[in-house]
Amino acid sequence: MTQTTAVPMVRARSVRKTFGHLEVLKGVDLDVTPGEVVVVLGPSGSGKSTFLRCVNHLETIDGGSVHVDGELIGFTASGGKVRHLRKRDITRQRREIGMVFQQFNLFPHLTVLQNVVEAPTGVRGESRAEARARAGDLLAKVGLADKADAYPRHLSGGQQQRVAIARALAMRPKLMLFDEPTSALDPELVGDVLDTMKTLAEEGLTMIVVTHEIGFAREVADRVVFMDAGVIVETGRPADILDAPKNERTKAFLSKVL
Ligand code: ADP
Ligand code: MG
């Protein structure tokens, strides 16, 4: 598949982000093509979560630009000028970008089905019947059709995370961001969540996945990005990065996690 002419799904240029005196992103450049699965690796504190949050309007950026599907996201500061987007554009853009966090944050007082139905009826304005039918399909997709009427507290962490994935998919996102989706799970529950993500990848969903699961990176990623100290230091095909890293910092990191 050649997609060189397609508009990138994500186009980040010289993205900078500062918290007080701490410069967390020091010029991040990343293109993600439609349908691509990019795994982001890197030590704790390197800015991985902050970068994802900048793509999803959870943080504003202090420099550079982020485009998603050709549209400007958040603010951009260029030539000293800060450009603000209209609120309704931000709301619409956020709907089109799904995010799954380490902590799944399901609504505890709603059933599994209601958790998945809630987002599209509340925000997308879909009819209840339409949203329920689709939620049922999505729960089947993540392997939880039989848990539709259960409450989150009766589910394992892995099952809850799969509900969170179904909930994000209910919004029909064109881009999914995963921030260490399996880091809070007991080891025996990680596999089902990764399998679900693999299915989504095979279906052509564009995904940026921050994870320490090297096996997933090797098997599912089209590209692996290694981030350290607020910059992307190396990027390439999984086998190239994982088996033959060129950068010293990548080598040092992989020697610890592999
Ligand atoms: P990673 O996800 O790679 O572990 P983060 O993006 O979470 O890294 O954090 C990068 C750095 O930014 C860390 O030093 C973290 O403490 C700092 N940081 C993140 N969010 C905030 C915030 N809201 N306020 C201040 N510092 C923050
Ligand atoms: Mg993080």
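The values are calculated or read from the model by the stated rules, or taken from the named source; none is laboratory data. Quick caveat, the model's predicted, so the values are computed rather than measured. With ideal geometry, Cβ positions are generated from the backbone for all residues, glycine too; neighbour counts draw on all protein chains shown. Just so you know, the surface numbers come from the protein's heavy atoms only, side chains and all, with ligands and any DNA or RNA stripped out. Shrake-Rupley method; radii C 1.70, N 1.55, O 1.52, S 1.80 Å.
Some points to look at:
- Residues in segment 93-120 that are among the β-branched types (Val, Ile, Thr) and either outside any strand (DSSP E or B) or free of Cβ contacts under 8 Å to residues at least 24 places away in the same chain (or both): Thr111, Val112, Val116, Val117.
- Within segment 1-32, the set of residues being part of a loop (DSSP other than H, G, I, E, B) and touching a strand residue (DSSP E or B) at 6+ places or on another chain (Cβ under 8 Å) comprises Pro8, Met9.
- Pairs are defined by a Cβ separation below 8 Å, a sequence spacing of at least 6 or placement on different chains, a first member in segment 43-65 that is in a loop (DSSP other than H, G, I, E, B), and a second member that is open to solvent by 50 Å² or more (accessible area, probe 1.4 Å) and within 12 Å of ligand 2 (Cβ to nearest atom); the pairs so defined are Glu59/Arg53.
- Of residues in segment 200-209 being closer than 13 Å to Met176 by Cα and more than 14 Å from the chain's Cα centre (by Cα), the one least open to solvent (accessible area, probe 1.4 Å): Gly204
- Per-region count, segment 19-60, residues more than 17 Å from the chain's Cα centre (by Cα), at pLDDT 95 or above and away from ligand 2 (no atom under 16 Å from the Cβ): 3
- Some residue of segment 143-166 being among the acidic types (Asp, Glu) and over 22 Å from Leu242 (Cβ atoms): yes
- Taken together, Glu180, Glu126 contain a single residue that is open to solvent by 10 Å² or more (accessible area, probe 1.4 Å), within 16 Å of ligand 2 (Cβ to nearest atom) and among the charged types (D, E, K, R), which is Glu180.
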